[in-house]
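All remarks here apply to the structure that follows.
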Amino acid sequence: MRADRNRVSADAFEQRRDRLRGVAFRMLGSGAEAEDAVQDAWLRLAATDAEIADLDGWLTTVVSRICLDMLRIRARRAEVATPNAPARAATGAGIDPEAEALRADSVGRALLVVLDALGPEERVAFVLHDLFAVPFAEIAPMLGRTPATTKKLASRARLRVHAPARIEPMELLAHQAAVTAFVRAARGGDLGGLLAVLAPDVVRTADPAALSPGMAVVVRGARAVAEGALALRRRSLEAVLVLVDGRPGLVVAGAGGPVFAVTFLVRDGQIAAYDVVASPQRLAALTLSLLP
C-alpha cells in the first residue's frame, strides 16, 4: 500500500518539478542550489505519511521554506565576510556554466542580479507573490509573519527592484548607450570600438580584488584603459546591464550576489571614468535595480 502511494507521489511530484525548480531558481539564483532544494522537497514528500489535500500548495511551501533557510545561511555568511575576503567565483565547481547561463537567460539575468540584493524574507515574499501569484495569506506562515507584514516585505522589495533612475530620461538614454557600446566592444574584442566610446583622458579605478595580479589599481588614458578592458574580456561576457546607484552600470554575479560591479561616469556620450567594485563592503552598499 505504501509502495503504491509512493509511486503516485513520485508521479505527482515529477509533474510539478519544473514549476518547483522555477520557484527555487528565482529565489536562489543558482541552478545547483535550486536542484538541491527541489530534491530535498521530494525527500520530505516521500517520508510523509500524512494525507496532503493540496499538493501544489504543500510543495510550494516546503520548497520556499528550504530556500528561505538557504538564503538566511547565505546572508549570515555575507555578514561575517572580512574586508579582504577574496571575490567569489561566478560559477562553482560541478556547475555547467553554459546550462547555468541558459537558465538565467530564460528567467532574466538582470532580474536575478537585482533579486540577489534583497533580504531573504523580502525575496521570498516578492518572488512568490509577484512572480507566482501566491496570496500573502499563504506566504505569511512560511515567513512567520502576518499577511500585512508580508505584504509590506513584498512592497519594499518591489520598490527596490524597480527603483527609478537618478538621472533625467535623456541623460539615462545617453548613459545606457555608452555603457552598452562599451560592453559590446569589450565582449567582441573590438579595440577600435572601445577607443570610440572612451574619452581620451578616461580614468579606470578598481578594487584590488577585481584585478589580475600585476594590474594597476588606477589606469589613465583611452588606449591603456581599452587594453585593460580587453584583458578582462571573459568577465565582460558575464556582465549584466542594470541600474547601479541609479545609473546604468554592469554587474557580474555569482551564486549569492554580485562578484563585481562597474559604475560609470559619462560625459558628452563618452565614458569619462569607471570604477570596478569588488570588496564585499562596497558591493553591499550599492543599490541595484532594473532598467526602466
Among Leu250, Leu230, Leu68, the residue with the largest mean-square fluctuation in a Gaussian network model of the chain built from Cα contacts under 10 Å is Leu230
If amide H atoms are modeled at 1.01 Å from N in the peptide plane, then the residues at a separation of 5 or more from Phe260, or on another chain, having amide H under 5 Å from its own are Val252
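So how strong a dipole does the chain carry about its Cα centre when Lys and Arg Cβ are +1 and Asp and Glu Cβ are -1, to the nearest 20 debye?
That gives the chain a dipole magnitude of about 520 debye.
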Cα axis of helix 55-79 to longest principal axis of the chain: angle in degrees, 0 to 90, nearest 10? 40
Volume in Å³ per residue [convex hull over Cα atoms, computed for segment 169-289]: 91
Could you give each residue of segment 232-242 its phi-based ³J(HN,Hα) in whole Hz, using Karplus coefficients 6.51, -1.76, 1.60 with θ = phi - 60°, and x for Gly or Pro? 9, 4, 4, 5, 5, 5, 9, 6, 10, 8, 9
Rounded to the nearest 500, the 222 nm mean residue ellipticity computed for the chain from DSSP H runs (n ≥ 4, each -39500 (n - 2.57)) alone is -18000 deg cm²/dmol
Can you list the residues, at least 5 places off or on another chain, whose amide H is less than 5 Å from the amide H of Ala273, using H built in the peptide plane? Val203, Leu265
Please give the charge dipole size of segment 169-289, origin at the Cα centre, charges +1 on K and R Cβ atoms and -1 on D and E Cβ atoms. Round to the nearest 20 debye. 220
Among Leu241, Gln15, Ile139, whose Cα projects farthest towards the positive end of the dipole of the chain, with charges put on the beta-carbon of Lys, Arg (+1) and Asp, Glu (-1)? Leu241
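For the ranges 29-36, 204-211, what's the packing order if you count other beta-carbon atoms within 10 Å of each residue, average per peptide, and put the highest first?
With the highest mean Cβ count within 10 Å placed first, the list reads 29-36, 204-211.
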Tell me, how many Å apart are the Cα centres for segment 244-283 and for segment 130-147? 33
Pairs of alpha carbons in segment 186-257 whose separation is greater than 20 Å (percent): 34
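Since every read-out is calculated from the coordinates, none of them should be taken as a lab result. All values derive from a computational prediction rather than experimental measurement. Quick reminder, even Gly has a Cβ in these numbers, built from the backbone with ideal geometry, and neighbours come from all protein chains shown.
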